[in-house]
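Structure record follows, encoded as structure tokens.
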Amino acid sequence: MILTQIANPAFRSRIWARPTSCRSFWGWLNAVFNRVDYERIKDFGPDRAASEWLLRCGAKVRYQGFDKWQHDYNGLPSGPLGKYKIQAIDATDSCIMYSGFDYLDGLKHLEEIKLCKCIYIEDACLERISKTDTLQESLRRLEIISCGNVSDKGIIALHSLRNLEYLFLSDLPGIRQKELTVELLQKDKPSLNLELDLD
């Protein structure tokens, strides 16, 4: 019944005529996708639960020992618990948000994160990444691209990532003090390979 309605152009035009209510609906749905299921983490392990969260939100994951990116929620690999460890996350165009970041807590093998065009990523998210004990140890590469809610404060917080080797920053209009931010980061992490594409 609902599919028949959606296929009807008159119905679609009524929906698109109310952009505010559409935004509210998608915001609500994205918040639901980011709700943390602590029982699932406990029962299935942090890597499986985080994989489900990330794919539900439109991100991709790559597992340790594999070259292929996993992007299909229904195609998540089965097997013994703990067999598939997340090594990389590509969150391009995804709806991940701060409320879901508890899923990152148990990821001990996560080396790379790409945050590109993530409308819900903000300074608090980067601060949360930098305060996550497992990520302080494991994270090696981080890319932050076209995330309009990220400012100098969030970037500076990344100094806590002890083993970060590469940081790429591009198209971040919220960064107002580029020189000072870079100076503070490199003072704390002189061996960091910092690549910038900022105006």
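The values are calculated or read from the model by the stated rules, or taken from the named source; none is laboratory data. Because the structure is predicted, anything quoted here is derived from the model rather than measured. Every residue, glycine among them, receives a Cβ derived from its backbone with ideal geometry; neighbour counts consider all protein chains shown. To get the accessible areas, we keep the full protein, side chains included, count just its heavy atoms, and leave off ligands, DNA and RNA. Shrake-Rupley method; radii C 1.70, N 1.55, O 1.52, S 1.80 Å.
Can you list residues from other chains, or at least 5 along the same chain, whose modelled amide H is less than 5 Å from the amide H of Val150?
Close amide H contacts, sequence-distant or interchain: Gly174.
Work out how much length Lys131 to Gln64 would gain on full extension: take 0.36 nm times their residue separation and subtract the Cα-Cα distance, in nm to one decimal. Mind showing how you got there, number by number?
Numbers: separation 67, 0.36 × 67 = 24.12 nm, distance 2.30 nm.
Full extension of this stretch gives 21.8 nm more.
Charges at C-beta only: +1 for Lys and Arg, -1 for Asp and Glu. How large is the resulting dipole of region 25-163 about its Cα centre, in Debye rounded to 20?
240
Which residue fluctuates most in the GNM of the chain (Cα springs below 10 Å): Pro46, Pro80, Pro173?
Ranking Pro46, Pro80, Pro173 by mean-square fluctuation puts Pro80 first.
Please give the length that would be gained between Phe44 and Arg141 if that part of the chain were fully extended, namely 0.36 nm times their separation in residues minus their C-alpha to C-alpha distance (nm, one decimal).
So the chain would gain 32.2 nm between Phe44 and Arg141.
With every atom except the alpha carbons ignored, what do you get for Rg and Dmax of the chain, in angstroms?
Radius of gyration, then largest Cα-Cα span, for the chain: 18.6, 61 Å.
Given a 1.4 Å probe and every protein chain left where it sits, what share in percent of the accessible area of region 44-119 is carbon and sulfur?
Carbon and sulfur together cover 49 percent of it.
Would you calculate the separation in nanometres between label points at Thr92 and His159, each defined as 7 Å from the Cα along the Cα-to-beta-carbon direction?
3.2
For Lys189, go through the lysines and keep the ones whose alpha-carbon is under 28 Å away, minus same-chain ones fewer than eight residues off.
Lys85, Lys108, Lys114, Lys117, Lys131, Lys153, Lys178
Each label point is 7 Å from the Cα along the Cα-to-Cβ direction; what then is the distance between the points at His109 and Ala31, in nm?
3.5
Rounded to the nearest 5, what is the percent of antiparallel bridges among the DSSP beta bridges in the chain? Working shown, then result.
On the way: 6 of 25 bridges.
Around 25 percent antiparallel, to the nearest 5.
With n ≥ 4 as the cut-off for DSSP H runs, can you work out [θ] at 222 nm for the chain, using -39500 (n - 2.57) per run divided by the number of residues, rounded to the nearest 500? The partial results should precede the final answer.
Values: 9 runs with 78 residues, N = 199.
Result for the chain: -11000 deg cm²/dmol, rounded to the nearest 500.
Could you size up the charge dipole of region 92-199 around its Cα centre, putting +1 on the beta carbon of Lys and Arg and -1 on that of Asp and Glu, and report it in debye to the nearest 20?
160
Asp199 versus Ser78, label points 7 Å from Cα toward the beta carbon: distance in nm?
In this crude label model, Asp199 to Ser78 measures out at 5.1 nm.
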